[in-house]
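Report on one structure; see the data block that follows.
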Amino acid sequence: MAFGGGSSQGDQGNELGEFLRARRGALDPDRLGLVDDGRLRRVPGLRREELALLAHVSPDYVVRLEQGRTRRVSRAVLDSLADALQLAPDERSYLFALAEVTEAAHAGQPPRHQVGRQLRELLDAMREIPAMVLDYRHDVLAWNSAAAALLTDFGALPPDERNLIRLTFLHGPYRALYADWARAARECVSVLRMETGRYPDDPILGALVEELNAKDPDFKAWWSARSVRGPRQLTKTYNHPVAGPLTLDVQQLTVAAQPDQFLVTYTAPPGSPSEQALRFLLQWSGHPDERLSPDNNSTARRRPER
């Protein structure tokens, strides 16, 4: 299944061409030092012949790539195109994933989703650190009690709804956690775009893209922009209904035995108000009897001072 930008039916199988056009349209010819020949520019960005000039290829070759008449491109040409388009590292990787048909066939095999016993035991041992295991789709495969307290009770959700990207757009309480939802949602779209390049024939990814395109106008607009990036360390701020504001460092660590799985952890800087708030939240979630008792004055029930 191909993942287009939701425009026309003919675009669905030409993601390489769509991506090249989108990146070409995002460049400013003046900043690149291109000579203005006086012709009216009908669309923003570079003309095809200008991209061809910068990439040292023929204009006809750029036309054939953008029209989907070829996807077999040498690494040297791909490097030249990526340099000319000033692609970021993640965008460059995405370009190679789209163009290298032989590599894409290998990368397109969906990996296994079992979470090993040792990894589950590690999650359970991380009592003071919210943590979970995700796959490349951002499906939540396993989580600890701290992650459930911080984000949502994943066990109460149907298995096919335990997806962080889907939750970010379509689950009201999860969406409301973000202090800057738009930023977090854009990051989700960029990660999802990256994974659809790696797994272009994954029907579950395809169904997720189609559902979000149909149900959320922001997703539809951002998906068409074709921004891409891979996993990295992030800082996210939450407005938690129990703990209040929380600014946490989020790290995604590759699982050696399953390279398409990630261990995701949420930590607060030592000595920060967020560390105090996170500690309060975990105490609160671990003592339901105390927090429900009107006569109990334990510190586990009090939100930390700000």
*³J(HN,Hα) computed for each position of region 173-186 - Karplus, 6.51 cos²θ - 1.76 cosθ + 1.60, integer Hz, glycine/proline x*: x, 5, 4, 5, 5, 6, 5, 10, 4, 4, 5, 5, 5, 4
*Computed lengthening from TYR178 to LEU53, 0.36 nm per intervening residue step minus Cα-Cα distance*: 40.6 nm
_Net charge of neighbours whose Cβ lies under 13 Å from the Cβ of PRO159, counting Lys and Arg as +1 and Asp and Glu as -1_ = -1
_Computed label-point distance, nm, for sites THR237 and ASP83 using a 7 Å Cα→Cβ extension_ = 4.1
*How much net charge surrounds LEU246 when only the other residues with a Cβ under 10 Å from the Cβ of LEU246 are counted, with Lys and Arg +1 and Asp and Glu -1?*
0
*Calculate what fraction, in whole %, of the accessible area of region 182-256 sits on carbon and sulfur atoms when a 1.4 Å probe is rolled over the protein chains.*
53
*Read phi for every residue in region 264-281 and hand back ³J(HN,Hα) as whole Hz from Karplus 6.51 cos²θ - 1.76 cosθ + 1.60, θ = phi - 60°, with x for Gly and Pro.*
10, 10, 10, 10, 10, x, x, x, 8, x, 5, 5, 5, 5, 5, 4, 4, 4
*asked:* Given a 1.4 angstrom probe, what's the average accessible area per residue across region 130-250, in square angstrom?
replied: 37
*Other-chain or far-sequence residues with amide H under 5 Å of TYR178's (modelled H)*: ASN239
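The values are calculated or read from the model by the stated rules, or taken from the named source; none is laboratory data. Bear in mind that the values here come from a model prediction, so they are computed numbers and not experimental data. All Cβ positions, even for glycine, are placed from backbone atoms using ideal geometry, and neighbour counts span all protein chains on display. Quick note on the areas: whole protein, heavy atoms, side chains included, nothing else; ligands and nucleic acids left out. Shrake-Rupley method; radii C 1.70, N 1.55, O 1.52, S 1.80 Å.
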